[in-house]
Amino acid sequence: MNPLAPADEWSNDRGCGVQYLSQQAVNRLLGPAGIEFPAEMGVPERLEHVQAMHKQGDPRTAKIYQTIGVYFGYALAHYANYYDIGTVLVMGRVTTGQGGEIILQVANEVLAKDFPNLSIDIRLPDEASRRVGQAAAAASLPQV
């Protein structure tokens, strides 16, 4: 909805979920959270460092996960305009560790407060399944 939203690197569409709900979002939120990494460090490595910092109790990292949780709650409400959503299985490397719990908690808070008419069950699978989200999703697709 924002014409200045970041463009997806493959489709060039603006405002895609990948830019707000993945390691790209973590990378974009580093500056506002007051976290700096060397420019040559890749996005996956930055995510790993943020996860390690969070595990060590760095309070700046919780702000990143909280923001992604807000994005996720509003994204689900928007998606519900187009899809009949009952249950959402949350996966991906950005949900690894306690960060995934924060994202889920905040998304549920957003839905309860701002979209009380929606009944969306958000589920976070076990740790191993979270890390291979795209592969699990692809494997579950029906043959066409």
**Item:** Cβ pairs under 9 Å, 6+ apart, first in segment 1-13 and under 13 Å from residue 28 (Cα atoms), second assigned to a loop (DSSP other than H, G, I, E, B) and among the hydroxyl-bearing types (Ser, Thr, Tyr)
**Value:** 5/20; 6/20
**Asked** Quick check: is even one residue across segment 83-95 among the aromatic types (Phe, Trp, Tyr), farther than 23 Å from residue 125 by Cβ and surrounded by fewer than 17 Cβ atoms within 10 Å (Cβ to Cβ)?
**Response** no
**First in segment 118-130 and farther than 14 Å from residue 104 by Cβ, second anywhere and of a type in the set (A, V, I, L, M) and at pLDDT 95 or above, Cβ under 8 Å, 6 or more apart** = 118/76; 118/77; 118/80; 118/111
**Asked** Mind checking which residues of segment 76-110 are modelled with pLDDT of 95 or more and in contact with a helix residue (DSSP H, G or I) (Cβ under 8 Å, 6 or more places away or on another chain)?
**Response** 76, 77, 102, 103, 104, 105, 106, 107, 108, 109, 110
**Identity of the residue in segment 14-30, surrounded by fewer than 18 Cβ atoms within 10 Å (Cβ to Cβ) and of a type in the set (Gly, Ala, Ser), that ends up nearest to residue 46 (Cα to Cα)** = 17
**Request:** For residues that are without any contact (Cβ under 8 Å) to a residue 12 or more places away in the chain and over 19 Å from the mean Cα position of the chain (by Cα), scanning just segment 29-44, find the one that is farthest from residue 62 (Cα to Cα).
**Result:** 40
**Item:** Single match in 12, 2 (criterion: among the polar types (S, T, N, Q) and touching a Lys or Arg at 6+ places or on another chain (Cβ under 8 Å))
**Value:** 2
**Residue in segment 111-131 that is modelled with the highest pLDDT, counting only those that are more than 19 Å from residue 83 (Cα to Cα) and not acidic (Asp, Glu)** = 113
**Fill in**
Of the residues in segment 90-118, those that are within 13 Å of the chain's Cα centre (by Cα) and aliphatic (A, V, I, L, M) come to 90, 91, 94, 102, 103, 104, 106, 107
**Request:** Among what's in segment 54-82 and is without any contact (Cβ under 8 Å) to a residue 24 or more places away in the chain and not hydroxyl-bearing (Ser, Thr, Tyr), pick the residue that is surrounded by the fewest Cβ atoms within 10 Å (Cβ to Cβ).
**Result:** 81
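The values are calculated or read from the model by the stated rules, or taken from the named source; none is laboratory data. Keep in mind the model is a prediction, meaning the values are calculated, not measured. We place every Cβ from the backbone using ideal geometry, glycine too, and count neighbours over all the protein chains shown.
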